[in-house]
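As structure tokens, the structure follows; a few thoughts come after it.
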Ligand SMILES: NC(=O)c1ccc[n+]([C@@H]2O[C@H](COP(=O)([O-])OP(=O)(O)OC[C@H]3O[C@@H](n4cnc5c(N)ncnc54)[C@H](O)[C@@H]3O)[C@@H](O)[C@H]2O)c1
């Protein structure tokens, strides 16, 4: 390595790291070298953040211990964000702490083959140990977890805290109002980050996550809406990304994403199936996309846009609900998917490669729908039920959505729709607005 005093000025950070590593590994036993070089030289760890960290962030608390939370435990520190982690669920805090301590951090394996290591400052099962010193909470959680998580967080929330959810659906503000009460609710800032920043899976619990994609563009909605720009800045810092504002938090709740994709595609795949018979194969969910599935997605998406049109007509509030192809085409622009149609988009976007359908194999017989898969258990009660509940409030008909919901609820043994209205007994366990006493347009718009 050079003795030149201007060395650090003249050389790039990756070059300096590379030289340091070369010096460091020179006298090491050979078996130690590949791991060290792999670890030290991966660009994502040392690349200078492109988006400067906003001073709005003092410290972030990652809430949860699932796939995305464990990936965030690596990525946020790698982006220079100070963070803690609250894992209140089961023994996750213990297992994640043990994993991270055993190897000095959470490892992320990226789809390009690189590996990064990142470490939160503190991990705890007790929110009191990790939440109060943070001013931004980030919750990459399935929406069914919101009530219990908010209940545990309630005593630790402070005025002015930013509470971010991603993917930002599931009627978060309705749950929050019920759990936190109006006064506390108004003292904090909620924001929704759309879409979920990662496609990822834990490959070794507490130690390693495989990340397929870290998205580079987000839309962010906030409550109160006046804080949207601040929440865009926070999101841009956290994920080193481009952000644009959503007009309303209700836009995030209604955004066309999983509930537009999954139920319609599964419905179509399972059209030949009847209880007691079997499908011959488990098709690729996206690459084998057909016109029928894409057409049904288009129909349900159009119904969603018509609901938003009705809201605009009645209230003057334009929620700007897009078509899913246009939204995801924007998110994955760099990937250059074929945007000719919904079918070509899903069939060609590399982020969607390799996923099979939510079917269960019955040995020696074939495949049947897995009604316990989250494509049903999340996307019906926490997805289509929400769209349908809003449609009922503004008096909009949704025949395509109804058809899919009738089929799915029969398989799930649930009752959401009755006579074309969301009045079944299981609405009480959905996240439809009606469950939270939200039955008017003014309530939907938080007025
Ligand atoms: N992982 C992905 O690639 C991906 C991509 C797009 C969207 N999403 C969506 O993002 C959300 C989070 O995804 P994920 O894969 O990290 O989810 P996950 O299933 O891995 O997360 C589950 C975690 O949520 C918490 N949790 C679950 N039930 C709880 C309860 N009752 N009380 C408290 N905490 C509870 C626990 O920490 C648990 O580990 C989901 O809605 C998912 O559909 C995920």
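Does residue 318 count as outside any loop (DSSP other than H, G, I, E, B) and assigned by TED's automatic domain parsing to the domain that holds residue 380? The answer is no for residue 318. Looking at this structure, is residue 135 over 13 Å from the mean Cα position of the chain (by Cα) and either buried (at least 17 other Cβ atoms within 10 Å of the Cβ) or under 28 Å from residue 94 (Cα atoms) (or both)? Judged against the criteria, residue 135 is a match. Confirm whether residue 247 is under 30 Å from residue 362 (Cα atoms) and either surrounded by fewer than 19 Cβ atoms within 10 Å (Cβ to Cβ) or within 15 Å of the ligand (Cβ to nearest atom) (or both). Considered against the rule, which asks whether it is under 30 Å from residue 362 (Cα atoms) and either surrounded by fewer than 19 Cβ atoms within 10 Å (Cβ to Cβ) or within 15 Å of the ligand (Cβ to nearest atom) (or both), residue 247 comes out as no. Restricting attention to segment 282-298, the residues that are buried (at least 17 other Cβ atoms within 10 Å of the Cβ) and in a helix (DSSP H, G or I) add up to 5.
So which residues in segment 136-163 are within 14 Å of the ligand (Cβ to nearest atom), touching a helix residue (DSSP H, G or I) at 6+ places or on another chain (Cβ under 7 Å) and not in a loop (DSSP other than H, G, I, E, B), if there are any at all? The answer is 138, 139, 143, 144, 146, 147, 150, 151, 152, 153, 154.
Residue check: residue 367 meets all listed conditions (1) buried (at least 17 other Cβ atoms within 10 Å of the Cβ); (2) not in a strand (DSSP E or B) but one, namely (2). Just one of (1) under 22 Å from the mean Cα position of the chain (by Cα); (2) over 30 Å from residue 442 (Cα atoms) fails for residue 363. It is (1). Within segment 385-436, the set of residues being within 19 Å of residue 305 (Cα to Cα), in a helix (DSSP H, G or I) and under 25 Å from the mean Cα position of the chain (by Cα) comprises 385, 386, 387, 388, 389, 390, 391, 401, 404, 405, 433.
In summary, strands (runs of 3 or more DSSP E) completely within segment 1-120 and bearing 3 or more residues that are within 16 Å of the ligand (Cβ to nearest atom), modelled with pLDDT of 95 or more and closer than 26 Å to residue 133 by Cβ occur at 60-63, 83-86. For the condition away from the ligand (no atom under 11 Å from the Cβ), over 17 Å from residue 208 (Cα atoms) and either at pLDDT 95 or above or buried (at least 21 other Cβ atoms within 10 Å of the Cβ) (or both), residue 126 qualifies.
Number of residues in segment 184-219 that are farther than 15 Å from residue 71 by Cα and within 16 Å of the ligand (Cβ to nearest atom): the value is 9.
The values are calculated or read from the model by the stated rules, or taken from the named source; none is laboratory data. Here the structure is a predicted model, which means the values were calculated and not measured. Methodologically, a virtual Cβ is constructed for each residue, glycine included, from the backbone with ideal geometry; neighbour enumeration extends over all protein chains shown.
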